[in-house]
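Everything below concerns the one structure shown next.
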Amino acid sequence: MTKISKLSNEIIRALEAYTEEVSEELEKAKEDVAKETVRELRKTSPKLTGDYARGWRTKKVGSAQVIYNATDYQLTHLLEHGHAKRGGGRVPGIPHIQPAEQKAIKEYTKRVEQVIRG
């Protein structure tokens, strides 16, 4: 009986170490993808809007990485989707957030699969 209990204890220790290692690597992947997405948004954001393109930041909220515009958060929806002009008509949107988001999702998914496979 003692050999079986030792074996089960070793299996539990190995699984705990694996779980901790995977968690750390997933957290690093989250941070890296968020930073890459901020760089992407800074490159692809409209430049004629003052500090908007330079305003992209990332921060950790709970276990999530949140990407936001610190300088001109009010413009994100207007620039992405377009808006009405004062005298009538519409200004077309400049999609820059959705492509960066899709790229981040693909990259994070790829990294998660790599971490899990080892």
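Rule-based calculations on the coordinates, nothing more; no lab input. No experiment lies behind these values; they were computed from the predicted model shown. Using ideal geometry, Cβ is built from the backbone for each residue, glycine included, and neighbour counts are taken over all protein chains shown.
For the reader, a short list of remarks on this structure follows.
- Among the residues of the stretch 63-77, the ones that are among the hydroxyl-bearing types (Ser, Thr, Tyr), surrounded by 14 or more Cβ atoms within 10 Å (Cβ to Cβ) and part of a loop (DSSP other than H, G, I, E, B) come to 1 in all.
- Whichever residue in the stretch 45-60 is farther than 13 Å from Thr76 by Cβ and of a type outside the set (D, E, K, R) and, among such residues, is surrounded by the most Cβ atoms within 10 Å (Cβ to Cβ): Thr58
- Set Ser8, Ser45, Ser63: member being polar (S, T, N, Q), over 18 Å from Lys103 (Cα atoms) and under 17 Å from the mean Cα position of the chain (by Cα): Ser63
- Note on the stretch 83-115: among residues that are under 13 Å from the mean Cα position of the chain (by Cα) and in contact (Cβ under 8 Å) with a residue 60 or more places away in the chain, the one that is surrounded by the most Cβ atoms within 10 Å (Cβ to Cβ) is Ala100.
- With respect to the conditions (1) among the small types (Gly, Ala, Ser); (2) under 19 Å from Glu101 (Cα atoms); (3) in a loop (DSSP other than H, G, I, E, B), Ala29 lacks only one, and its number is (3).
- Residue in the stretch 4-14 that is among the hydrophobic types (A, V, I, L, M, F, W, C) and exposed (fewer than 10 other Cβ atoms within 10 Å of the Cβ) present: yes
- Residue tally, condition under 15 Å from Ala104 (Cα atoms), assigned to a strand (DSSP E or B) and free of Cβ contacts under 8 Å to residues at least 24 places away in the same chain, over the stretch 38-62: 2
- The listed residue being more than 30 Å from Glu21 (Cβ to Cβ), in contact with a helix residue (DSSP H, G or I) (Cβ under 8 Å, 6 or more places away or on another chain) and among the basic types (Lys, Arg), out of Lys85, Lys47: Lys47
- Considering Glu36, Glu80, Glu20, Glu24, the condition of being surrounded by fewer than 11 Cβ atoms within 10 Å (Cβ to Cβ) and of a type outside the set (A, V, I, L, M, F, W, C) is satisfied by Glu20 alone.
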